Amino acid sequence: GLALLLVISSVVYATAENRLKPIFEVQTEEKVLALTFDISWGTKTPAPVLDILKEQQVKATFFISGPWTEKYPEIPRRIAAEGHEIGSHGYQHINLSTLPFLEIKSEIMKAHSSIQKVTNCSPSLIRTPNGDYDNDVILAAEDCGYRVIQWGTDSLDWKNPGIDAIIQRVLNRAHSGDIILMHASDTCQQTAEALPQVINGLREKGYRFVTVSELLQLGTAKR
C-alpha cells in the first residue's frame, strides 16, 4: 500500500512542478520596481496618466490591446514617443486559456501586428487579458516571441476603491523587483488622482522606476 501511495504522490508532485508560470516579479537587491498600466478601453484616463508620468519623469510599461490601439492610434503613439515601454494586452478581451493553441497564437499575433503598425514598436512582453494563463497560453506566447508578465502588487485601482485605498495598498505592498499593476482604461476613475502620491511615496522609500524589460535585466525573473 505504502509503495503505491509514494508512486501516486510523486506523480502528482511532478505535474504540479511542470505547471508553467508567467513572470510576477524580479529577484534583485536593488530598490527598483516597474509601474505598469493596462489599457483596453477609452480615452479619458490615458492622457492624465501620461501627463503625470511626464511631469514626474517616470518611464512605465503599458500593456495595450489591439482593438484599442487601432481605434485611438494617437494615444499609443504618444506613449511610444514619450519613451514608455509598450507591451501587448492581447486582442479580444477574453481568457486565452479557453482557446485552442493555434487560436491563442493567432490572437497574440493579431494584437502584435496592430500595435506594430500603429506605434512602430515590436512588443515582446504580453500581459494576457484578465491575467489568465495556462501552459498552452505561456507556450503559445513564447512561440510568438513573447514573455508573459503578471504582477507582484495589484493596486486594485480597477475596483475604484478610493484614491487613498489605492495609494496605501501600493505603498504597503511594493518591494524590490516588484511589478505593480495599474490601469489607464476609463473604467478606472481614481488611478490618475492616486498616481502622484504613489510615485512620491515610492520615491520617499528609496525606489527608482524602470520599465519591465529593464527590470528583467537587473535580476532573476520570479515565476
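A short reminder: the numbers here are calculations on the coordinates, not readings from a lab. Keep in mind the model is a prediction, meaning the values are calculated, not measured.
Summary table below
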| item | result |
| --- | --- |
| Convex hull of Cα atoms in region 32-158, direction-averaged projection (nm²) | 7.5 |
| Cross-link reach list, lysines versus residue 59, counting only Cα pairs under 28 Å and skipping chain neighbours closer than eight places | 21, 31, 44, 71, 110, 117, 159, 205, 222 |
| At 1.306 mPa s and 10 °C, Stokes D of region 170-223 from Kirkwood alpha-carbon radius, µm² per second | 126 |
| Relative contact order (percent, whole number), region 29-74, Cα cutoff 8 Å, 6+ residue spacing | 53 |
| Length released on extending from residue 208 to residue 106, taking residue separation times 0.36 nm less the Cα-Cα span | 33.1 nm |
| Relative contact order (percent, whole number), the chain, Cα cutoff 8 Å, 6+ residue spacing | 34 |
| Rg and Dmax of region 98-223, Cα atoms only, in Å | 16.2, 47 |
| At least 18 Å along the helix axis (C-alpha) and Kyte average at least -1.0, DSSP helices within the chain | 2-17, 101-119, 191-204 |
| Given [x] 25, 21, 16; [y] 28, 21, 18; [z] 31, 23, 15, the label whose value is semi-axes √(5λ) of the Cα gyration tensor in Å derived from this model | [z] |
